[in-house]
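Here is the structure we will look at.
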Amino acid sequence: MKTCRPHTQTIHLLSANVSVVFPSKIQSKIINKQMRLVHTHINRTVTGDYTTMLKSSASTMINEAPCVMISMLFQEYPLYSLYTFIIIASLLLLICPSAKILWFNVMDPPSKIVVREYNRNIPPGSGGLPWIGETLQFMSAMNTHMGIYEFVQARRQRYGNCFKTDIFGETHVFVSTTQSARMILNDDIGRFSKKYIKSIAELVGHESLLCASRKQHKLLRSRLLHLFSTKSLANFVRLFDELMIESITTWDHGGVVFILDQALKITCKATCKILIGIEGGLELEMLQKDVASVCDAMLAFPLRLPWTRFYKGLKARKRITSLLEKLICERRKRSGDCQEDFLQSLLRGNGDSCSLTNAEIQDNILAMIIAGQDTTASAITWMVKFLDENEEVLNTLMEEQFRIAKNARNSYLTMEDLNEMPYASKVVKESLRMASVVQWLPRLALADCEIEGFKIQRGWNVNVDARSIHFDPDIYSNPNVFNPFRFDCFTNNKQEEPKLSSSFLAFGMGGRTCLGMSMAKIMMLVFLHRLTTTYKWKVIDSDSSVKKWALFSKLRSGCPVYLTCIKQVTSPPTSKRNL
Ligand code: HEM
């Protein structure tokens, strides 16, 4: 009896996964195959409780090579695309003259590869299989506790601060020192440009600031910068606080809420309102769903087949851009009495003659919705989890927040209130360091250069590994401890300032620094204030694994919390929002 339970559960889990992706005939084939694997593993498992057995059965089944790779592709693509893939790879092996050499590279033990690569003075690392490189290993890392970052971390531990790999048909170098981060991100002589992998670029849009080439970027950024003026940020504090109060009053004392879901709802509402003036109803619901599909597709293999995640993401992108196009047309026709939001500012232009095209406006609004909503909601979720695990920090924070609530002159928070939250600001910063929501910053080498003593070729992707820098014990002592006070000695250390400023990369650095940085901090501070002064909470799922397929590091559990009301918040009468 005992050995039956975990494997029945595992099979249910597997069936659920499979049923989402495949038609029934293929489903039964896959389930049968997976059941056989689970049986084999369970027969091998003699000791351990149900959960461990369940987890270990599932993870062994997933991780056992070469089943890992096949299973990953099975979940994402249908069988015949996999077969095509294998046939092409085999043909390449036969045809490609250098295939034999490359194949032996893969078969070499890692230490030998390192020596050979060092000799050629190129970064150490394995090129993987011909044509596909280490794409499958990259994608299979998605199943691990750390998600895709596990792929980077494992190689960093193996090869050091600079290593090379091949993913999605391109060469990628990862670097994790502050000196290199400074050199790459502060580049003002044009050696590097920003570059995302193909799937991300297509989903976000080639005209967007996130993907723009060096030259186009300068122009676009100057046209978007005014949107984040002090005045519009002050209005945003009020808007976000109103939404936060509106939402928090619906949470139940003694109930459970998922912080990630709530944060996504509020950040989506706030960004859509300030960007395009949409604040509710079916339109917002659809938009939120479509944005989620676009985000889910970012790491998918760029295959345009109707059942793939990538295709669904593209469809969602199309629906969003159509909605934006409709809004732009309406606004251009009306010209006079339009509400004041970012879209309206972009249509009006920044006082110069050449304003943005419709396509540029669409791509950039979409980029800001994606960049602003998913990242901020993920950061908020991690912050709530870190606070739950660090009672002392939470108590200090609550003291500060209650003092502000007591002295508040207005019903809603103002920018002045936020400026009086030095401790909360450090909590936000420390959460961003530890969460490292954007784990690495992607660039393209526009010319041959040298990094960490290695030759980097023109056309290679160079990624600054922000997470590794955030957890470097030489920069952040006890990096795994959540300690907001560490930023005190950072600000007091004038001598070390350049090194220290390039070691906090949550919002990037240099000409591509996050445009919405202040907005993100506002959302995190307001969320903290309302949460800590309204509820006590307990996280009821301590799992810290990250979500599969998420580009930004996001808690898989969604951070469910049990709430106890400290005081009843009453929503002040709402006046018309003024952006
Ligand atoms: C906690 C929340 C956020 C985090 C952690 C974050 C992080 C980042 C990072 C690391 C970059 C730079 C990437 C690079 O150099 O390759 C970036 C860029 C960007 N972010 Fe954010 N971001 C957040 C919130 C926002 C918000 C709220 C918005 C706007 C509504 C936004 C808009 C942008 C834009 C437009 C860029 C591109 C800037 C450029 O290339 O010039 N972000 N973000």
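Descriptive notes on the structure:
- Rounded to the nearest whole Hz, the Karplus-based 3J(HN,Hα) values (6.51 cos²θ - 1.76 cosθ + 1.60, θ = phi - 60°) of the stretch 451-467 follow the sequence 10, 6, x, 9, 7, 10, 8, 4, x, 7, 7, 10, 10, 8, 7, 5, 4, with x at glycine and proline.
- Multiplying the residue separation of residue 186 and residue 221 by 0.36 nm and subtracting their alpha-carbon distance yields 11.0 nm.
- Protein accessible area in the stretch 363-430, 1.4 Å probe - carbon and sulfur %: 46
- The phi-based Karplus calculation (6.51 cos²θ - 1.76 cosθ + 1.60; θ = phi - 60°) puts the 3J(HN,Hα) values of the stretch 387-392 at 5, 4, 8, 10, 4, 4 Hz, whole numbers, x for Gly and Pro.
- Flagged links, alpha-carbon separation over 25 Å, of 455/547; 195/385; 198/426; 164/315; 194/385; 289/547: 455/547; 195/385; 198/426; 164/315; 194/385
- Accessible area in square angstrom per residue, the stretch 214-565, 1.4 angstrom probe: 42
- Environment charge at residue 429 (Cβ cut-off 13 Å; Lys +1, Arg +1, Asp -1, Glu -1): +2
- In terms of accessible area, using a 1.4 Å probe and ignoring ligands and nucleic acids, 539, 173 rank largest first as 539, 173.
The values are calculated or read from the model by the stated rules, or taken from the named source; none is laboratory data. Keep in mind that what you see is a predicted model, and the values were worked out from it rather than measured. All Cβ positions, glycine included, derive from the backbone under ideal geometry; neighbour counts span all protein chains shown. To get the accessible areas, we keep the full protein, side chains included, count just its heavy atoms, and leave off ligands, DNA and RNA. Shrake-Rupley method; radii C 1.70, N 1.55, O 1.52, S 1.80 Å.
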